[in-house]
């Protein structure tokens, strides 16, 4: 069980990126398997934000095409979405006590890490080095 971070989705969506082949191959493998893998709604919305943003994405997509990409992911047999449970507040409190340096842009990644902890998922595929700050998360960087 693992989470796929936004940057892997973005690389898999943009043929002009040098990371495209590796990430697209991985994504297609995950999409075809029945074993469980995860996204969060935050990751989905961040993908939509970046892929449609003309100052961030090289060749921005329209929202319909971006949503079609997401729908294809959501149709994957093993994909599940991590969401908050009734234990979320307690886990947030525990993580903030363990990692009091959390602030600014790291809060967004912290939400993903907290959802992972909440659901017992300890592995994330990402090229984002910030996830190394969470001792309870194993980071797999498929680009290294």
Per the 1/(1 + (r/R0)^6) rule, R0 = 22 Å and r from the Cβ atoms of residue 108 and residue 34, FRET efficiency to 0.05 is 0.15
Taking Cα pairs closer than 8 Å and at least 6 residues apart, the relative contact order of the chain in percent is 28
Across the Cα atoms of the chain, what radius of gyration and what greatest pairwise Cα-Cα distance (Dmax) are found, in Å? 15.1, 43
In degrees, nearest 10, range 0 to 90: what is the angle between the Cα axis of helix 106-119 and the longest Cα principal axis of the chain? 80
Spin-label pair residue 83/residue 17, simplified geometry with 7 Å Cα→Cβ offset, distance in nm: 2.7
Mind pulling the angle between the C-alpha long axis of helix 41-51 and the longest principal axis of the chain? Nearest 10 degrees, somewhere in 0 to 90. 40
For the chain, longest principal axis from Cα atoms; helix 20-32 axis from its Cα atoms; angle between them, nearest 10 degrees, is 70
Per-residue ellipticity at 222 nm attributable to helices in the chain (runs of n ≥ 4 DSSP H, -39500 (n - 2.57) apiece, nearest 500 deg cm²/dmol) works out to -14500 deg cm²/dmol
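The numbers here are math on the coordinates, done by the rules we state, and not lab data. Please read all numbers here as calculations on a predicted model, not as lab measurements. Backbone-built Cβ (ideal geometry, glycine too); neighbour counts: all protein chains shown.
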